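Peer 1: So that we are looking at the same thing, I have put the structure below in structure tokens.
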Amino acid sequence: MVEEIWATIVSEFSDVPDLSTTTRITLRLVLAAILGGILGYERERKGRSAGVRTHMLVAVGAALFVIGPLQSGIPIEDMSRVLQGIVQGIGFLGAGAIMVHTAQHQVEGLTTAASIWATAGIGVIAGLGLEATAVLSATVVLIILAVVPLIMPKVSTPETGDPSKRDRSSDRS
């Protein structure tokens, strides 16, 4: 009886049959976590609600949703349904980061929602084993988040005329 229980336990953990598969899965998940963390750090540094942990979890979760079906043998042609579910689910998560302040005519959270969405895409790419593409994508997203605001011209708001108090609704996210 004990041998039967042990054999069942061993067979339940047989989804990672060798060191090569373990290394591949570990690399994909760790890379997703690191890239998500870098993007989350940029958001957290700017005082946004979705920071390092949120972005790391989104990237790792997206990678898991790809790695799991691949490990279980889903044909790559059927992966589109998995990807559709990830995109839609992350859209709902991002919607939770968006706040509308009707009195001030401001929308906050759009950039954070978009960065969460992009982070999920990077996690998917890492989960598919496209590590170089994931690193390149994270670099492009980081440039968009960190560098583009530095080169954008300051726009004054009609209410204040003060460029430092411009409506930066897309930057508040």
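The values are calculated or read from the model by the stated rules, or taken from the named source; none is laboratory data. Computed from a predicted structure; not experimentally measured. Here the Cβ is made from the backbone with ideal geometry for all residues, glycine too, and neighbour counts use every protein chain on show.
Peer 1: Take G109 and decide whether it is on the phi > 0 side of the Ramachandran plot and modelled with pLDDT under 90.
Peer 2: Details: on the phi > 0 side of the Ramachandran plot: yes; modelled with pLDDT under 90: yes.
When the stated conditions are applied, G109 passes them.
Peer 1: Name every residue in segment 17-36 that is farther than 19 Å from L110 by Cα and under 10 Å from the mean Cα position of the chain (by Cα), in order of residue number.
Peer 2: At the first step, the residues of segment 17-36 found to be farther than 19 Å from L110 by Cα are 17-35.
Passing the criteria: A32, A33, L35.
Peer 1: Could you give every pair whose Cβ atoms fall below 8 Å, whose first residue belongs to segment 56-79 and is touching a residue at least 60 places away in the same chain (Cβ under 8 Å), and whose second residue is exposed (fewer than 14 other Cβ atoms within 10 Å of the Cβ) and part of a helix (DSSP H, G or I), counting only separations of at least 6 or pairs across chains?
Peer 2: Qualifying pairs under 8 Å: F65/G85.
Peer 1: Of all residues in segment 117-136, which are crowded, with 24+ Cβ neighbours inside 10 Å and either without any contact (Cβ under 8 Å) to a residue 24 or more places away in the chain or touching a Cys at 6+ places or on another chain (Cβ under 6 Å) (or both)?
Peer 2: Correct list: I125 only.
Peer 1: In the set E131, E77, which member is out of contact with any Lys or Arg (no Cβ under 9 Å at 6 or more places or on another chain), of a type in the set (D, E) and within 30 Å of F13 (Cα to Cα)?
Peer 2: Numbers: E131 fails: out of contact with any Lys or Arg (no Cβ under 9 Å at 6 or more places or on another chain).
Residue meeting the stated conditions: E77.
Every residue, every condition in (1) modelled with pLDDT under 95; (2) of a type in the set (S, T, Y); (3) surrounded by 11 or more Cβ atoms within 10 Å (Cβ to Cβ); (4) assigned to a helix (DSSP H, G or I), yes or no:
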site	(1), (2), (3), (4)
S11	yes, yes, no, yes
T22	yes, yes, yes, yes
R28	no, no, yes, yes
A33	no, no, yes, yes
G36	no, no, yes, yes
V60	no, no, yes, yes
G68	yes, no, yes, yes
S80	yes, yes, no, yes
I90	yes, no, yes, yes
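Peer 1: I'm checking my understanding of the structure. Among residues of segment 92-107 that are part of a loop (DSSP other than H, G, I, E, B) and of a type in the set (V, I, T), which one is nearest to A50 (Cα to Cα)?
Peer 2: Residues of segment 92-107 that are part of a loop (DSSP other than H, G, I, E, B), as a first pass: 96-98, 102-105.
After this cut, where a residue has to be of a type in the set (V, I, T) as well, the list is 98, 102.
Numbers: I98: 11, T102: 22 Å.
Within segment 92-107, the match that is nearest to A50 (Cα to Cα) is I98.
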